[in-house]
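Taken together, the values in this text are just the output of simple stated rules run on the coordinates, not laboratory data. Remember, it's a predicted structure, so these values are computed and weren't measured experimentally. Cβ coordinates were reconstructed from backbone atoms using ideal geometry, including for glycine residues, and neighbour counts include every protein chain displayed.
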Amino acid sequence: MKEVQRKISKFKIILTVIVMILFIVLVTNSTKFIQQTTDIYVVANGSLSYEEMTEGYLIRDEVVLQGENYKNGMIQVLTDGQRASKDEVVFRYYSSSEEEIKKQIAKLDEEINEIVENSGLTIPSSDIPSIEKQIEDTINSMYNINYLQKIQENKNKISAYISKKAEITGTLSPSNSYLKQLTEQRTTLENELESGSEIIHAPCAGIASYRVDGLEEVLKVDNFDYLNTDLLNSFDLKVGAIIPLSNEKGKIVNNFECYIATSINTEKAMTAQIGDKVTLRLSNSDEIDAEITYIKEEEKNRILVFKIEKDVAELLEYRKISFDIIWWKYTGWKISNSCIVEEDDKTYVKKGTAGYIEKIPVKVLRQNDTYSIVNNYEEDELRALGYTEEQISNMGKIRLYDEIISY
């Protein structure tokens, strides 16, 4: 009998230990569960966007300029990227005695600038400080450049600025001065150059450019029906490659707008519509407004053409670029998706206020996999959702920096 009692007593002890262990485990896990289900998320201002990276080809309204004497070589009158008026001289081709006359003009420019610097003359022209600033900026921009073609372009710009400064300085100097005589000699030489060379004028207003790649007559803006993926791929261009300067041709480019064509097959692109407004982010981080103006359906892809009206001049150097399409971007109250509760086809958040949990309806404006942009409903919207006047009058709202319960 005593043996049986001992066994019962031992069993009770073991059972008590097991119960205590189970209780500790249950309490520990319950604490963890409570902690996980009562995390707090603070409402803050933020933004959400849906972006995709792609590559595209720049299509411009551009007119190629070429004269009969293009084999002689050319000299720029307007620098690359400079604004041209209709009928303004853009460039000219060398004459037979070009090099000798240019040497004489360069020598006169040096003498004119030396006289001005050593004599302390003050020339009453607002153009002089502007030209000097352009020379200084061009020199400063050359310090970190190791691209030979770009260095040569900047050297040509500096030479053009110096010549312009000498011309203005001499023109505005006193009529009986030696400086005036030098300027008149310079003008005579320039007239001699012009009389023996072919001058090319701008047929319309726009940006003068000498970056001619031969695609100006292929990629036209009047009708995009010719575009297809095979054509774009056939150009075999590198993304971001700079179009080299031509020594034979120039062109005038519409500086108010241009187009970017891309071949793409993403979900957003396949559902896009003509007239959709998007934002494009360029490689220089500029975000510019764009509109889809053309769509062509292909077997696997779509051709989309975006019209842009900003950064047109900055893109003159390129034909093929990479960019981000920002299909949509919303800014507002940003909360974690874990804060949103869905019940009866309605969305709520639960706000903790002084120990009391309040259930507040919210409308989700935009959402990705992690976050949502939300806002309060207007009273008319709440009525449309079936809420009574009493419920609406007693209903709370979420505000910036509110503490929302995250599940």
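Count Lys and Arg as plus one, Asp and Glu as minus one, and take only other residues whose Cβ is under 9 Å from that of LYS277; the net charge is then -3. From the Cα gyration tensor of the range 273-407, with a ≥ b ≥ c the square roots of its eigenvalues, which class applies: rounded if a/c is under 1.5, or else prolate if a/b is larger than b/c, or else oblate? It comes out prolate by the Cα gyration axes. Charge dipole of the range 256-351 (Cα centre as origin; +1 on each Lys and Arg Cβ, -1 on each Asp and Glu Cβ, all else neutral): 220 debye, rounded to the nearest 20. Neighbours of GLY352 by Cβ distance under 10 Å: Lys/Arg scored +1, Asp/Glu scored -1, total -1.
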